[in-house]
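Participant: Just dropping this structure here.
The values are calculated or read from the model by the stated rules, or taken from the named source; none is laboratory data. Keep in mind it's a predicted model, so treat the numbers as computed, not measured. Quick reminder, even Gly has a Cβ in these numbers, built from the backbone with ideal geometry, and neighbours come from all protein chains shown. Surface areas here come from the heavy atoms of the whole protein model, side chains and all, with no ligands, DNA or RNA. Shrake-Rupley method; radii C 1.70, N 1.55, O 1.52, S 1.80 Å.
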Amino acid sequence: MGEYNKSKIELQQAPPNTEAYQIKAGDTLYSLAQRFNTTVSAIISANPEIDPDNLQVGDKIFIPLQKEYPSCPEGNYYTIKAGDSFYAIADRFNISVDDLQEANPYVEPNNLKVGEVICIPLATPPVECPQGSILYIVKKGDTFYSIAKKYKISVAELRDANPRINPDELLIGQKICIPVD
């Protein structure tokens, strides 16, 4: 892995329910999976930027602390809290229960465990912004406040333009409308 990717991973926030690990001489994903009681695919899912065939001594990766770790392309992880249900989580993120189950096939919806990490799939309903608005794709770290500030509008205006979006539950890759007129 080159310096560019290495620094990118070091800046990456650790996915939920993982621990940081520095690659040592002789490490392979298989040996790490065995040592930490996880799977190679779980390690790859927690570290999408790594080249599994070219681990470099000194590189930092994240080791999943649960045996099965969800593949989550957009990186929208969620840690189960007391009282959570698939229905409540799906409703909170404005997605279907079926989509949530499909993104987390190993999770038993009727037996959620506090601390278990699941993937929140990106709901991709067609988003058409009204005239006078532009389409914006949410990036990691975005908040309604930071987006509003960037486009010099109020948080209330942004909220009004996106009534079905929960400002406290933004998902990476989600499409929202920015009023510009």
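Participant: Any chance you could count how many residues in region 22-62 are more than 20 Å from the chain's Cα centre (by Cα) and of a type in the set (Phe, Trp, Tyr)?
Facilitator: 2
Participant: What number of residues within region 153-164 are assigned to a loop (DSSP other than H, G, I, E, B) and modelled with pLDDT of 85 or more?
Facilitator: 4
Participant: Next up: Among the listed residues Lys149, Lys139, identify the single one that is basic (Lys, Arg) and touching a residue at least 24 places away in the same chain (Cβ under 8 Å).
Facilitator: Working: Lys149 fails: touching a residue at least 24 places away in the same chain (Cβ under 8 Å).
One residue alone meets the criteria, Lys139.
Participant: Being assigned to a loop (DSSP other than H, G, I, E, B), of a type in the set (D, E, K, R), open to solvent by 20 Å² or more (accessible area, probe 1.4 Å) and free of Cβ contacts under 8 Å to residues at least 12 places away in the same chain, is that true of even one residue in region 49-58?
Facilitator: Scanning region 49-58, I find at least one residue that is assigned to a loop (DSSP other than H, G, I, E, B), of a type in the set (D, E, K, R), open to solvent by 20 Å² or more (accessible area, probe 1.4 Å) and free of Cβ contacts under 8 Å to residues at least 12 places away in the same chain, so the answer is yes.
Participant: Select from region 20-32 the residues that are closer than 18 Å to Glu49 by Cβ and either modelled with pLDDT under 85 or surrounded by 11 or more Cβ atoms within 10 Å (Cβ to Cβ) (or both) and list them in ascending order.
Facilitator: Ala20, Tyr21, Ile23, Asp27, Thr28, Leu29, Leu32, listed by residue number.
Participant: So, in region 143-175, of the ones that are farther than 27 Å from Cys72 by Cα and among the hydroxyl-bearing types (Ser, Thr, Tyr), which residue ends up least open to solvent (accessible area, probe 1.4 Å)?
Facilitator: Of everything passing the filter in region 143-175, Ser154 is least open to solvent (accessible area, probe 1.4 Å).
Participant: Right, here's the next one. Check whether at least one residue in region 131-142 is exposed (fewer than 11 other Cβ atoms within 10 Å of the Cβ), touching a strand residue (DSSP E or B) at 6+ places or on another chain (Cβ under 9 Å) and of a type in the set (Asp, Glu), and report yes or no.
Facilitator: no
Participant: Looking only at region 115-138, decide whether some residue is assigned to a loop (DSSP other than H, G, I, E, B) and touching a Phe, Trp or Tyr at 6+ places or on another chain (Cβ under 8 Å).
Facilitator: Yes, that holds for at least one residue.
Participant: When you go through (1) over 13 Å from Pro121 (Cα atoms); (2) assigned to a loop (DSSP other than H, G, I, E, B); (3) open to solvent by less than 70 Å² (accessible area, probe 1.4 Å) one by one for Lys81, which number turns out not to apply?
Facilitator: For Lys81, the failing item is (3).
Participant: Could I ask something else about it? Determine if region 88-106 includes at least one residue that is free of Cβ contacts under 8 Å to residues at least 40 places away in the same chain, more than 29 Å from Pro64 (Cβ to Cβ) and part of a loop (DSSP other than H, G, I, E, B).
Facilitator: The answer is no, given that none of the residues of region 88-106 is free of Cβ contacts under 8 Å to residues at least 40 places away in the same chain, more than 29 Å from Pro64 (Cβ to Cβ) and part of a loop (DSSP other than H, G, I, E, B).
Participant: Separate question: Taking region 145-171, which residues are of a type in the set (A, V, I, L, M, F, W, C) and in contact with a strand residue (DSSP E or B) (Cβ under 9 Å, 6 or more places away or on another chain)?
Facilitator: Ile147, Ala148, Ile153, Leu158, Ala161, Ile165, Leu170 - these are the residues of region 145-171 that are of a type in the set (A, V, I, L, M, F, W, C) and in contact with a strand residue (DSSP E or B) (Cβ under 9 Å, 6 or more places away or on another chain).
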